[in-house]
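Since the structure comes first, as C-alpha cells, the remarks are kept for the end.
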Amino acid sequence: MVGRAVGGARYGLRDWLAQRVSALLMAIYMVFMVSFVVAHRPLQYGDWKGLFDQAWMRIFSLLFMIGLCIHAWVGMRNIFMDYVHSTGIRLLQHVVVIVALVVYLLWAVQILWSL
Amino acid sequence: MAVPIVSHAGKCLYSLVKLIRFAFFLQGGCVRKQQRPVFLNPLKIRLPAGAVASILHRASGLLLFAVIPVALVLLQRSLSSADEFDRLADTSGSGVASRLFLALLLAAMIYHFCAGMRILLLDMDIGLALPQARNSARFVLAAGAIALLLLGVWLW
C-alpha cells in the first residue's frame, strides 16, 4: 500500500464485474442443465447427444466455458493473492492457472465441435 | 526566518512525546503488553456465520476448479457413444469412493451456487444489514449441509 493511490491500477472494478457477470451466465446454464436432466429422467444417450448436436447448445456451452475460465481466474487469483506471499511462487501459480484454463477452453471447443 | 523556529518547536514536541512514552514505559504499560496471551487455536476460534460461509465459498470454489478436467473427461466420454454413456451411468453410482466423491462434488457445486447468489444479492444492497446478512449466511450454510445429506441418502 506504500505510495500507491487507491484504484490506481483500475483492474479491481473490472474483475469484480467480470466475476459477477460470469457467475450469472453460469447460473443460467446450470439451471437449464438441471431442468433438462430432470425433464428427461432417466437420461438416455439419445436425448443427451441430441442436445449437444444443436448449434445453439454448443454456443451456449462455449459461453459457459468462457464464463467459467474468467470466473475461475478471478477466484484463483484472489486466493493466491491472499494466502501466497512469495511473489515468485504466486507468479508461477498464476501462470499455471492461466495455461490450464486456456487448455480447458480449447479442449471444450474440441469436445463440442469435433465429435 | 520561519523555518528554524518551526524546526525547533518540532524538536521540543518530539522530546515531550518521548518523555511521555518513557513515563508510560516505567508505569509498566509495555510490560503488560508483552504478557498478553497469544491464543491462536483454529479449532477454538468461533467465527461468525458470514466468515464461515465466505471461507467455505472459497474452499468449494477451489475444489470445483480442481475438478474441471474431470468434468471435461466425463462430458467427452458421455458424448462419445451410447455404450460409453451407459457404462458411465452404471459405474458412477457404484463404489464407495466414487459415490462419496460425487456427493461431495455436487454439494460443493450447490453450496457455491447458493453462496454466490447471496453475494449477488448483497451487491444489490439486499439484506446488507448485519442481522439479515448473518441469517442469510446461516441459511446458505444450512442449504449446503442439507444438500450434502440428501445427496448422500440418494446415492446410497
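The values are calculated or read from the model by the stated rules, or taken from the named source; none is laboratory data. Because the structure is predicted, anything quoted here is derived from the model rather than measured. As a convention, Cβ positions derive from the backbone with ideal geometry for all residues, glycine included, and neighbour counts pool all protein chains shown.
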Legend entry - Condition broken by A:ILE89, with the remaining ones in (1) within 23 Å of A:ARG20 (Cβ to Cβ); (2) out of contact with any Leu (no Cβ under 9 Å at 6 or more places or on another chain) satisfied: (1)
Inset, instruction - Restrict the check to the stretch A:58-77 and report whether at least one residue is surrounded by fewer than 17 Cβ atoms within 10 Å (Cβ to Cβ) and of a type in the set (S, T, N, Q). - result: no
Inset, instruction - Keeping to the stretch B:70-83, report how many residues are under 18 Å from B:LEU102 (Cβ atoms) and either β-branched (Val, Ile, Thr) or more than 7 Å from chain A (Cβ to nearest Cβ) (or both). - result: 5
Legend entry - 1 or more residues aromatic (Phe, Trp, Tyr): qualifying helices (runs of 4 or more DSSP H) within the stretch B:47-156: B:49-66, B:82-91, B:96-123, B:130-155
Inset, instruction - Return yes when A:TRP56 is under 25 Å from B:SER81 (Cβ atoms), facing another protein chain (nearest Cβ under 10 Å) and either modelled with pLDDT of 95 or more or assigned to a helix (DSSP H, G or I) (or both) and no when it is not. - result: no
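Counting just the residues of the stretch A:11-45 that are part of a helix (DSSP H, G or I) and within 8 Å of chain B (Cβ to nearest Cβ), which one comes out nearest to B:SER81 (Cα to Cα)?
Of everything passing the filter in the stretch A:11-45, A:TYR45 is nearest to B:SER81 (Cα to Cα).
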Inset, instruction - Output the residue which, of all residues in the stretch B:47-66 that are among the hydrophobic types (A, V, I, L, M, F, W, C), more than 13 Å from B:GLY144 (Cβ to Cβ) and surrounded by fewer than 17 Cβ atoms within 10 Å (Cβ to Cβ), is farthest from the other protein chains (Cβ to nearest Cβ). - result: B:LEU47
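Can you tell which of A:VAL2, A:VAL95 is away from every other protein chain (no Cβ under 12 Å), surrounded by fewer than 16 Cβ atoms within 10 Å (Cβ to Cβ) and modelled with pLDDT of 95 or more?
A:VAL95
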Inset, instruction - Output the qualifying pairs, or none if there are none: Cβ atoms under 6 angstrom, residues six or more apart or on different chains, first residue in the stretch B:117-144 and under 22 Å from A:GLN19 (Cα atoms), second residue assigned to a helix (DSSP H, G or I) and among the aromatic types (Phe, Trp, Tyr). - result: B:GLY144/B:TYR111
Legend entry - Some residue of the stretch B:91-100 being on the phi < 0 side of the Ramachandran plot, within 11 Å of chain A (Cβ to nearest Cβ) and surrounded by 14 or more Cβ atoms within 10 Å (Cβ to Cβ): no
Inset, instruction - For B:ALA108, indicate whether it is among the aliphatic types (A, V, I, L, M) and surrounded by 13 or more Cβ atoms within 10 Å (Cβ to Cβ). - result: yes
Legend entry - Hey, A:ALA72 in contact (Cβ under 8 Å) with a residue 24 or more places away in the chain, under 23 Å from A:LEU25 (Cβ atoms) and among the hydrophobic types (A, V, I, L, M, F, W, C) or not: yes
